[in-house]
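Once you've had a glance at the structure underneath, I'll fire off some questions.
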Amino acid sequence: MLPNETPPLFFSSLVLAGALFAAGCANSTDAPVVVLERARILLERDQVEESIPLFSEAIAAMPDDPESRYLRGLAYEKLDVLEKALTDYTDCLRLDGDRTDALNNKAVVLAKLKRFEEAAAEFTRLVNLDPQDPLAYRNRGLCHFDLEHYDAALLDYDKAIQLAPEVAAGWFQRGNVFLETHDYAKAVEDYSKAITFDEQFAKAWMNRGVAHYHTGEKALASADLQKAQALDDNIILPGLDFFAEPSASGTVAQQAVDWAAACEIATRYLTEQGFSDVSLIREFPSFQCAELSGVLERKSRRILMTCCSRDQTSLTVPAAAQTLGGDDRMPQYSLLVLQPPTSERTAPEVTRFELDWNPSSLVSQPVIVRYAADADGIPAEPRGR
């Protein structure tokens, strides 16, 4: 829903504590604490799958030890086995209710599972335990944002910025709220603050470029997006027409698209691919694209249909989260690219089709995407030990 967040997806950090015991294979004569340390070493070395049986052995020998359950939770989280990670963090907290690391990571896992209400409640517990912790406020703000509770999100980000004004993430995340609520001037201010504290913050440059675009500052938008691309080659610049100056009529010159003809061609093509019940949902005239719905193998899908000229190498489209209406579990997306009519052709033609397509930015503002890029969601931040 909102423009991309800085940290990568939800992985919890691990800080080794205690002495490291001699390496070697565990055996039945090893003391439980030795088994636990060997498992911890394997986890630190990213030998995650090998660590889990040793953590389980330590838990069986020390059922009242919260640390072993916390560390196995980290291992499961790294493997993306989220329900088991959640169980271990919960058990750790049952044994030691003051473990803020386990509480934070439990909330992070709940957020990864899209259980944002529960995650927000856990982050509230963190805020109550330590009202001076800016990370807890930022993470709760992310949950409020995903729930579209924008006023609550702003309150959390305001507090996080008050507690840690030098942290770029707070300014960036608050800027995302302003961008989502179309307060573009404030969004530009906050992204500028984020860039002040972190000049390598590619997504802050990108989102500020999007905000500038919405205020009509095409030159500034172009400069910001080029800077973002220089910092992160996953960010693709749109065609030059994206920054075209308004014509005498006051509108940006665009090639007209006959959506009735385009939908007819798209429907015929999609039917050949096995789709049924294809229909037009809505158009995005500013981006020369439209959203279709269809059924494939008895499952509802959405198809983003867009037009580009033969010499274009990238597209600017609305991201899927906008068209999904906030429910990212429904349905899957496909991308269909048409080439507009030319002097030789009187109708558009399909030039590219991606059956399973996800934008690189799950935001509700226009974004610049790679074809078939992986989704890059907005995580809560893990807490170090």
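The values are calculated or read from the model by the stated rules, or taken from the named source; none is laboratory data. On a predicted model such as this, the values are computed, not experimentally measured, just so you know. Don't worry about glycine lacking a Cβ; one is built from the backbone with ideal geometry, like all the others, and counts go over all protein chains shown.
Taking the condition of being in a loop (DSSP other than H, G, I, E, B), free of Cβ contacts under 8 Å to residues at least 40 places away in the same chain and crowded, with 16+ Cβ neighbours inside 10 Å, how many residues in the stretch 191-201 meet it?
1
OK, next. Taking the options Ala85, Ala61, name whichever one is in contact with a Pro (Cβ under 6 Å, 6 or more places away or on another chain) and touching a residue at least 12 places away in the same chain (Cβ under 8 Å).
Working: Ala85 fails: in contact with a Pro (Cβ under 6 Å, 6 or more places away or on another chain).
Every option except Ala61 fails the conditions.
Quick check on this structure: which one of Arg140, Arg115, Arg125 is crowded, with 20+ Cβ neighbours inside 10 Å and without any contact (Cβ under 8 Å) to a residue 24 or more places away in the chain? Walk me through it before giving the result.
Values: Arg115 fails: crowded, with 20+ Cβ neighbours inside 10 Å; Arg125 fails: crowded, with 20+ Cβ neighbours inside 10 Å.
Sole residue among the options that is crowded, with 20+ Cβ neighbours inside 10 Å and without any contact (Cβ under 8 Å) to a residue 24 or more places away in the chain: Arg140.
Could you tell me which of the residues Ala221, Ala204, Ala228 is under 25 Å from Glu148 (Cβ atoms) and either of a type outside the set (Asp, Glu) or in contact with a His (Cβ under 9 Å, 6 or more places away or on another chain) (or both)?
Of the residues listed, the single one that is under 25 Å from Glu148 (Cβ atoms) and either of a type outside the set (Asp, Glu) or in contact with a His (Cβ under 9 Å, 6 or more places away or on another chain) (or both) is Ala204.
Among the residues of the stretch 84-100, write down those that are within 25 Å of the chain's Cα centre (by Cα) and either among the basic types (Lys, Arg) or at pLDDT below 95 (or both).
Lys84, Thr100
Further, regarding this structure: Scanning the stretch 143-168 for residues that are among the aliphatic types (A, V, I, L, M) and farther than 20 Å from Leu110 by Cβ, which turns out surrounded by the fewest Cβ atoms within 10 Å (Cβ to Cβ)?
In this case the residue turns out to be Leu155.
Condition check ((1) under 30 Å from Gln132 (Cα atoms); (2) under 18 Å from the mean Cα position of the chain (by Cα); (3) of a type outside the set (Gly, Ala, Ser)) across all residues:
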{"site": "Leu154", "(1), (2), (3)": "yes, no, yes"}
{"site": "Lys159", "(1), (2), (3)": "yes, no, yes"}
{"site": "Glu166", "(1), (2), (3)": "yes, no, yes"}
{"site": "Trp171", "(1), (2), (3)": "yes, yes, yes"}
{"site": "Arg174", "(1), (2), (3)": "yes, yes, yes"}
{"site": "Tyr191", "(1), (2), (3)": "yes, yes, yes"}
{"site": "Ala221", "(1), (2), (3)": "no, no, no"}
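So that you can scan it fast, the table gives a plain yes or no per residue for (1) at pLDDT 85 or above; (2) surrounded by 11 or more Cβ atoms within 10 Å (Cβ to Cβ); (3) basic (Lys, Arg); (4) touching a Lys or Arg at 6+ places or on another chain (Cβ under 7 Å):
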site	(1), (2), (3), (4)
Asp241	no, yes, no, no
Ala248	no, no, no, no
Ala261	no, yes, no, no
Ile265	yes, yes, no, no
Glu272	yes, no, no, no
Val278	yes, yes, no, no
Arg298	yes, no, yes, no
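Pick from Phe123, Phe116, Phe55: which is out of contact with any strand residue (DSSP E or B) (no Cβ under 7 Å at 6 or more places or on another chain) and more than 30 Å from Ala164 (Cβ to Cβ)?
Residue meeting the stated conditions: Phe55.
I've got another one for you. Take the residues of the stretch 41-93 that are surrounded by 20 or more Cβ atoms within 10 Å (Cβ to Cβ) and among the hydroxyl-bearing types (Ser, Thr, Tyr): which is farthest from Glu118 (Cα to Cα)?
Top of the filtered list is Ser51.
Name the residues in the stretch 144-172 that are touching a Gly at 6+ places or on another chain (Cβ under 6 Å) and polar (S, T, N, Q), would you?
Listed by number, the list is empty, since nothing qualifies.
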